[in-house]
Amino acid sequence: MEIQREERERLLKELLAGRFPDAAGRFGPFGGRYVPETLMAAVTRLEEGVRTTLRSPEFERQLAAELRDWVGRPTALTHAPELGRRWGAEVYLKREDLAHTGAHKINNAIGQALLAKQLGAKRIVAETGAGQHGVASAAACARVGLPCTVYMGAVDVARQAPNVDRMRRLGATVVAVESGDQTLRAAIDEAIRDWVSDPEGTYYLIGSAIGPHPYPYLVRELQAVIGREARAQLLERGGLPDAVFACVGGGSNAIGLFHAFLGDRDVRLIGVEAGGRGTALGDHSATLSAGRPGVLHGNYSMLLYDDDGLIHETHSVSAGLDYPGVGPEHAFLKAIGRVDYVTASDDEALAALDECCEAEGILPALESSHALAGAKRWAKENPGARILVGLSGRGDKDMPILAQYPSRKENRDVA
C-alpha cells in the first residue's frame, strides 16, 4: 500500500506516542480481530487481562524475577570481531541463543503462562514450527504448573526431532498435525480448533506477533525486553548502531528487537525474510517482500496466496520462518517506511551459518542465519558501519537439517 511521506511521518509519531494498536487492535489498516463468535468472549477476557495485569506492579515484579532467575536475562551482547573483519564492519550479536531453552521464545512463553495462570486457565495449547516455541511453552507451563498441549506440523516434527523430545520430557503432549501443509500454518489451525472447543478453560499461548488482538501487542510487549537490553548495552559500548538486523517469519524476535530503536531515526531497521529456493509462489516465505493483504489466523496483514485467494504453501530451510503470514505491526512498519524488509535465500542462510560457526565459535539457528546473511550483504555496501544482528536462537535444533547440507569445511576437506 502507498502512503504519502507526510502521512508516514504522522503515523510514526503516533506509533512512538503509544497510540497503536488502537482501540480496535489495529496498526493503521492492519491487525484487528477476526475470530469465530465462540472465541470473542475469550479474546475479550484476554484483552481485559492484558490491560489490567500486564502493567500491574505485582505482575511486573513476578515476570522480572522469572526473566532474571529462570530465563537468564539480560542476555549477552557479543562483539564479533572476525565477522567484522570479513564484512568490513563493526558487528555485535544480541545473544537470545543464550536464553533458557535456547531462543527468544521463552520471554513470551513465561509471560503468557504467568498471565494465563492469573486469568484462571486450566490448560495451555500452543503451536510450534521450529520447535523452540513448543519447548519454551512446555518449560513455562512446567514452571507455573499448567498442562500443555503443543501442535506441530508433521513435516516439522520430522525435521526438528530433538525439540520434539525436549517438549515431551518437559511434560507437554505433542500432537503431530497431518493435515494441510503439515508445517506451522497447519499447527496454528489445529491449535485454534482446540481453543474453540474449550474457550473458557483453555488458554492459547501464541508464539509469534500474529493472531487476533491483543496477541500481536502482547507478544511485542513481552519480547521488547530484547531491544531495551540491546540498546542499553550498545550505548555502554560507544553508541547506537547504524543498522539493526533480525529474521522475520511471524516476526516476534524482530519486533522485540526493533521496538526500542523505532524512535532512533538514524538507525536503519532491516528485517530479513526467507527467500527460500526461488521467487515463485511456494518456493519462499517472503510475505512482506512478495505478499498481498488479507486475513489469516485472526488478523489482517500481508499474506502469500494465489490468484484464487487460497493461502499458498511456503518453503524455507528454516522451519521457524516457514509461514505464509506476518505480524500486523511489521506490515504497518513497512507501509510507513520505518523498517525495510529484504530476503535471504536458503543457500545464503546456510553459508552465513557456516561462517558464524567458523569465525566466532557460535552455532546460530537457521532462522537467525537469515539475519546474518542480510547483514553481511548490507555491510559490503556500507563499509565501516556499526551493525547489530539479533541471534534469535541457537542451531542445535537444526542439526538434523544441517546433516543434509555439507558444510563448506567438509567440502574443502573432501577436495
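The values are calculated or read from the model by the stated rules, or taken from the named source; none is laboratory data. Computed from a predicted structure; not experimentally measured. Note that we place each Cβ from the backbone using ideal geometry, even for glycine, and neighbour counts take in every protein chain shown.
Scanning the stretch 347-367 for residues that are of a type outside the set (A, V, I, L, M, F, W, C) and part of a helix (DSSP H, G or I), we see that the one that is nearest to the chain's Cα centre (by Cα) is Glu367. So in the stretch 309-359, with the set limited to residues that are touching a helix residue (DSSP H, G or I) at 6+ places or on another chain (Cβ under 7 Å) and among the aromatic types (Phe, Trp, Tyr), which one is surrounded by the fewest Cβ atoms within 10 Å (Cβ to Cβ)? Here the residue is Tyr341. With respect to the conditions (1) of a type in the set (Phe, Trp, Tyr); (2) within 21 Å of Glu367 (Cβ to Cβ); (3) part of a helix (DSSP H, G or I), Trp70 lacks only one, and its number is (2).
Among the candidates Ala80, Ala126, the residue that is in contact with a Phe, Trp or Tyr (Cβ under 9 Å, 6 or more places away or on another chain) and closer than 30 Å to Ile387 by Cβ is uniquely Ala80. Being touching a His at 6+ places or on another chain (Cβ under 6 Å), part of a strand (DSSP E or B) and not acidic (Asp, Glu) is a property that Ala344 has. If the condition is being out of contact with any strand residue (DSSP E or B) (no Cβ under 7 Å at 6 or more places or on another chain) and within 29 Å of Val43 (Cβ to Cβ), then the stretch 282-303 contributes Val295, His297, Gly298.
The residues of the stretch 1-52 that are hydroxyl-bearing (Ser, Thr, Tyr) and closer than 21 Å to Gly325 by Cα amount to a single one, Tyr34. Of everything listed in (1) modelled with pLDDT of 95 or more; (2) of a type outside the set (Asp, Glu); (3) buried (at least 18 other Cβ atoms within 10 Å of the Cβ), the single unmet condition for Gly171 is (3). Does the stretch 192-202 contain at least one residue that is buried (at least 24 other Cβ atoms within 10 Å of the Cβ) and modelled with pLDDT of 95 or more? No, the stretch 192-202 contains no residue that is buried (at least 24 other Cβ atoms within 10 Å of the Cβ) and modelled with pLDDT of 95 or more. When Ala121 is tested against (1) touching a residue at least 60 places away in the same chain (Cβ under 8 Å); (2) within 26 Å of Val244 (Cα to Cα), exactly one condition is not met: (2).
I'm trying to understand the selection: among the residues of the stretch 170-214, which are over 22 Å from Lys117 (Cβ atoms) and charged (D, E, K, R)? Selection gives Glu178, Asp181, Arg185, Asp189, Glu190, Arg193. Of the residues in the stretch 129-150, not one is under 23 Å from Leu303 (Cβ atoms) and surrounded by fewer than 19 Cβ atoms within 10 Å (Cβ to Cβ). When Arg228 is tested against (1) under 29 Å from Leu269 (Cβ atoms); (2) buried (at least 18 other Cβ atoms within 10 Å of the Cβ), just one condition goes unmet, and that condition is (2).
Considering every residue within the stretch 236-249, establish whether at least one is under 30 Å from Met40 (Cβ atoms), touching a residue at least 40 places away in the same chain (Cβ under 8 Å), of a type outside the set (Phe, Trp, Tyr) and not assigned by TED's automatic domain parsing to the domain that holds Val43. Within the stretch 236-249 (the criterion being under 30 Å from Met40 (Cβ atoms), touching a residue at least 40 places away in the same chain (Cβ under 8 Å), of a type outside the set (Phe, Trp, Tyr) and not assigned by TED's automatic domain parsing to the domain that holds Val43), the answer is yes, since at least one residue qualifies. Looking across Ala232, Ala209, Ala176, one residue alone is modelled with pLDDT of 95 or more, not assigned by TED's automatic domain parsing to the domain that holds Val50 and not aromatic (Phe, Trp, Tyr). It is Ala232.
Condition check ((1) crowded, with 20+ Cβ neighbours inside 10 Å; (2) of a type in the set (S, T, N, Q)) across all residues:
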position: Gly25; (1), (2): yes, no
position: Gly31; (1), (2): yes, no
position: Thr52; (1), (2): no, yes
position: Ser56; (1), (2): no, yes
position: Trp70; (1), (2): no, no
position: Thr75; (1), (2): yes, yes
position: Arg86; (1), (2): no, no
position: Gly102; (1), (2): yes, no
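Within the stretch 25-41, the set of residues being part of a loop (DSSP other than H, G, I, E, B) and either over 23 Å from the mean Cα position of the chain (by Cα) or free of Cβ contacts under 8 Å to residues at least 12 places away in the same chain (or both) comprises just one member, Pro36. Would you confirm whether any residue within the stretch 114-131 is closer than 26 Å to Ala373 by Cβ and outside any loop (DSSP other than H, G, I, E, B)? Yes, the stretch 114-131 contains a residue that is closer than 26 Å to Ala373 by Cβ and outside any loop (DSSP other than H, G, I, E, B). On the stretch given as the stretch 368-398, residues that are closer than 19 Å to Ala136 by Cβ and more than 17 Å from the chain's Cα centre (by Cα) total 1.
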